[in-house]
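Notes for the one structure printed next.
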Amino acid sequence: MVWINAVLQGVLLGGLYALFAAGLSLMFGVMRFINMAHGDFIITAAYLLLALVTGFAIHPALAVPLVIVALAAAGYLNQRILLNRVLGKDILPPVLVTFGLSIIIQNALLEVFSADSQKLQAGWLDTASFKLSEDLAIGALPLLMFLAAVAVIAGLQFVFYKTPLGRMLRATSDDPEIVPLMGGSNAHIFAIATALASVVVAIAGIFLAMKTNFDPAAGPARLLFAFEVVIIGGLGSLWGTLIGGIILGVAQTVGAQIDTGSQVLAGHLVFLALLVVRPRGLFPKT
Amino acid sequence: MTTLLETRNLTAFYGDFQALFGVDITVGQGETVALIGSNGAGKSTFLRTLTGLLPAKGQDIRFEGQNIAGWAADRIHKAGIAMVPEGRRLFASLTVEENLLIGASGKRAGPWSLEKVYEIFPDLIAKKNNPGTALSGGQQQMVAIGRALMSNPTLLLCDEISLGLAPKVIKDIYEAVPLIREGGTSILVVEQDVGQAMAVADRVYCFMEGRVTLSGKPADLTKHQIAAAYFGAKNEGEAA
């Protein structure tokens, strides 16, 4: 039964990892942009929620949408003002610039919030759980996290394949040079893509704040998980991102069941094994 | 005839390389104009400059009375200039119908709609849910033309639409031109096939080495004049 439990918890944890990865995958998919500060944006969203709820005593029901709107707006402006300038045929400048951003964000968070690790108390969500059998239960928070991930992926899938905005985003991914001849502005479409990705980043940060302890240096580890998930799932596949998250989550919880200290290592090993067997991921974009 | 488009002394550069040297061209309302000339003569460069894909800041490109030189490409598109780019450039991950719909992003009013495009290119109806790039070359060209028409342009630019297509297919595509003109759209085609250009256009301009070397109504131009303008004076009489 402990193994079934480990797998079940891993699947739910996978939802959080899919949330980490979806924004990264989206930005890469639309504009071949590798955002090295992705994990730090997630941590920033977590701190923002913490500050609003504990610092300014704003009710979480209001603070959560505030964080989402703030991140989306910041993402749009960041892309429009800064990141669009380094976008081009060469993928190296965005990597370097966002690597610099990552360092700046970590130090800024350190200045404001200190190096102490923090966690947002989620009240009843922290403890509530549903009993599946005598010795099997799932927590309300992990379940909510997983459902949010499914909803986010389904929502992105809908936007991309059923709306005029999604049509424009996919067209831009195919051939950005021609898009202006269709009346689309690349600078605006790229910024919209980043704003969408930032909404997902905000949701990921909100759950991270409630689920685990975090500190200003916690971003790069999340970026690593996000990369692993995107590569396992296959670049450009949204549902693949969810599957990738689940695989990484299960690998980690089963690994922890084998040996408490090897949770993260087990995830990396499964990632490496899949990289050898399926270098283009499980669901590569055709 | 009212003038729709007029360029005066237009120049264009790729880095330090000058591709156009003072090009003056006019297109009247409802007129079909062809640009002919050999590879590298500057015809495509001229279209790219009109659409804003190449920088034209500080120059003189009058469209419906406004100087559009230096405008961003998406703004020029919304003003009513649509382009069928060389090589078609359909969006690979979009279906035929999505490719058409994306042309209508500017939301300009006018006679063109999905139904109207399917009316002039009925071959596309059965393929509307296929990926655009899974079609034959001729059908892809129809999608590219339809996509441009969906924006309800006042001026339609067509860059080498017959390139690489079989003669029968070229004929089918050019049969759509009168239907496009019926809607009041002016057309500027770049065409290497001189015969095709002469057949379809009210007026032609011949380009050589970035300059206009000849212009006029097809009926008024002799083969000698065209050959001289197309290949340069030294080859006069050898071709055409």
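Some points to look at:
Okay, residues lined up against (1) over 22 Å from B:Gly40 (Cβ atoms); (2) of a type outside the set (Asp, Glu); (3) in contact with a Lys or Arg (Cβ under 9 Å, 6 or more places away or on another chain):
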| residue | (1), (2), (3) |
| --- | --- |
| B:Gly132 | yes, yes, yes |
| B:Gln139 | yes, yes, yes |
| B:Val169 | yes, yes, no |
| B:Ile180 | yes, yes, no |
| B:Gly184 | yes, yes, no |
| B:Ala199 | yes, yes, no |
| B:Asp202 | yes, no, yes |
| B:Glu209 | no, no, no |
| B:Asp220 | yes, no, no |
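- Evaluation of A:Phe28 against (1) modelled with pLDDT of 95 or more; (2) within 29 Å of A:Arg170 (Cβ to Cβ); (3) in a helix (DSSP H, G or I) (one fails), failing number: (1)
- Checked against the criterion of being over 19 Å from A:Met27 (Cβ atoms), of a type outside the set (A, V, I, L, M), modelled with pLDDT of 95 or more and part of a helix (DSSP H, G or I), the candidates A:Gly205, A:Gly249, A:Gly261, A:Gly244 yield just one match: A:Gly249.
- Qualifying position, being surrounded by fewer than 16 Cβ atoms within 10 Å (Cβ to Cβ) and in contact (Cβ under 8 Å) with a residue 24 or more places away in the chain, among B:Ser113, B:Ser93, B:Ser186: B:Ser113
- Any chance B:Ile145 is within 30 Å of B:Thr7 (Cα to Cα) and part of a helix (DSSP H, G or I): yes
- Residue within segment B:83-91 that is within 16 Å of B:Gly52 (Cα to Cα), more than 7 Å from chain A (Cβ to nearest Cβ), in contact with a helix residue (DSSP H, G or I) (Cβ under 7 Å, 6 or more places away or on another chain) and among the charged types (D, E, K, R) present: yes
- Residue count for segment A:159-200, restricted to those that are more than 27 Å from B:Leu54 (Cβ to Cβ), open to solvent by 10 Å² or more (accessible area, probe 1.4 Å) and either in a helix (DSSP H, G or I) or touching a residue at least 12 places away in the same chain (Cβ under 8 Å) (or both): 10
- For segment B:94-115, the set of residues classified as within 8 Å of B:Gly132 (Cα to Cα) and among the polar types (S, T, N, Q) consists of B:Thr95, B:Asn99, listed by residue number.
- Taking segment B:20-41 as the range and being open to solvent by 10 Å² or more (accessible area, probe 1.4 Å) and at pLDDT 90 or above as the test, the residues that pass are B:Phe21, B:Gly22, B:Asp24, B:Thr26, B:Gln29, B:Gly30, B:Glu31.
- Filtered by the rule that a residue be touching a helix residue (DSSP H, G or I) at 6+ places or on another chain (Cβ under 6 Å) and small (Gly, Ala, Ser), segment A:243-286 gives A:Gly244, A:Gly245, A:Gly249, A:Ala251, A:Gly255, A:Ala256, A:Ser262, A:Ala266, A:Gly267, A:Gly281.
Rundown of residues vs (1) at pLDDT 95 or above; (2) in contact with a Pro (Cβ under 7 Å, 6 or more places away or on another chain), yes/no style:
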| residue | (1), (2) |
| --- | --- |
| A:Arg80 | yes, no |
| A:Leu120 | no, no |
| A:Phe130 | no, no |
| A:Ala140 | no, no |
| A:Ile153 | yes, no |
| A:Phe158 | yes, no |
| A:Leu169 | yes, no |
| A:Ser173 | no, no |
| A:Ile178 | no, yes |
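- Matching residues in segment B:125-147 - criterion: being within 12 Å of chain A (Cβ to nearest Cβ) and either surrounded by 20 or more Cβ atoms within 10 Å (Cβ to Cβ) or within 16 Å of B:Leu114 (Cα to Cα) (or both): B:Gly132, B:Ala144, B:Arg147
- B:Glu98 falls short on exactly one of the conditions (1) within 14 Å of chain A (Cβ to nearest Cβ); (2) within 20 Å of B:Tyr174 (Cα to Cα); (3) modelled with pLDDT of 95 or more, and that condition is (2).
- Members of segment B:1-39 found to be in a strand (DSSP E or B), of a type in the set (Ser, Thr, Tyr) and more than 23 Å from B:Leu221 (Cα to Cα), listed by number: B:Thr11, B:Tyr14
- From the options A:Ala115, A:Ala108, A:Ala122, residue that is out of contact with any helix residue (DSSP H, G or I) (no Cβ under 8 Å at 6 or more places or on another chain), open to solvent by less than 80 Å² (accessible area, probe 1.4 Å) and over 25 Å from A:Phe190 (Cβ atoms): A:Ala115
- Any hit, segment A:149-158, residues being within 14 Å of another protein chain (Cβ to nearest Cβ), open to solvent by less than 20 Å² (accessible area, probe 1.4 Å) and either assigned to a helix (DSSP H, G or I) or touching a Ser or Thr at 6+ places or on another chain (Cβ under 9 Å) (or both): no
- Residue within segment B:51-70 that is within 13 Å of chain A (Cβ to nearest Cβ) and of a type in the set (A, V, I, L, M, F, W, C) present: yes
- Within segment A:1-23, being farther than 10 Å from A:Thr253 by Cβ and open to solvent by less than 10 Å² (accessible area, probe 1.4 Å) holds for A:Gly15, A:Leu16, A:Ala18, A:Leu19, A:Phe20, A:Ala21, A:Ala22, A:Gly23.
- Any chance B:Ile76 is within 29 Å of B:Phe46 (Cβ to Cβ) and either within 14 Å of chain A (Cβ to nearest Cβ) or of a type in the set (Ser, Thr, Tyr) (or both): yes
- Residue-level check: of (1) within 14 Å of chain B (Cβ to nearest Cβ); (2) modelled with pLDDT under 95; (3) part of a helix (DSSP H, G or I), A:Asp126 misses just (1).
- Close contacts from segment B:147-167, counting a first residue that is more than 11 Å from B:His77 (Cα to Cα) and a second that is among the acidic types (Asp, Glu), with Cβ to Cβ under 6 Å and a gap of 6+ residues or different chains, come to B:Asp159/B:Glu86; B:Glu160/B:Glu86; B:Ser162/B:Asp193.
- Test: residue in segment A:59-69 that is open to solvent by 50 Å² or more (accessible area, probe 1.4 Å), on the phi > 0 side of the Ramachandran plot and out of contact with any helix residue (DSSP H, G or I) (no Cβ under 8 Å at 6 or more places or on another chain): no
- For segment A:159-185, filtered to residues that are in contact with a Phe, Trp or Tyr (Cβ under 8 Å, 6 or more places away or on another chain) and more than 7 Å from every other protein chain (Cβ to nearest Cβ), the residue that is nearest to B:His77 (Cα to Cα) is A:Thr172.
The values are calculated or read from the model by the stated rules, or taken from the named source; none is laboratory data. Everything numeric here is computed off the predicted structure, so don't read it as measured data. Note that each Cβ is placed from the backbone with ideal geometry, even for glycine, and that neighbours are counted across all protein chains shown. Surface accessibility is based on the protein's heavy atoms, side chains included, excluding ligands, DNA and RNA. Shrake-Rupley method; radii C 1.70, N 1.55, O 1.52, S 1.80 Å.
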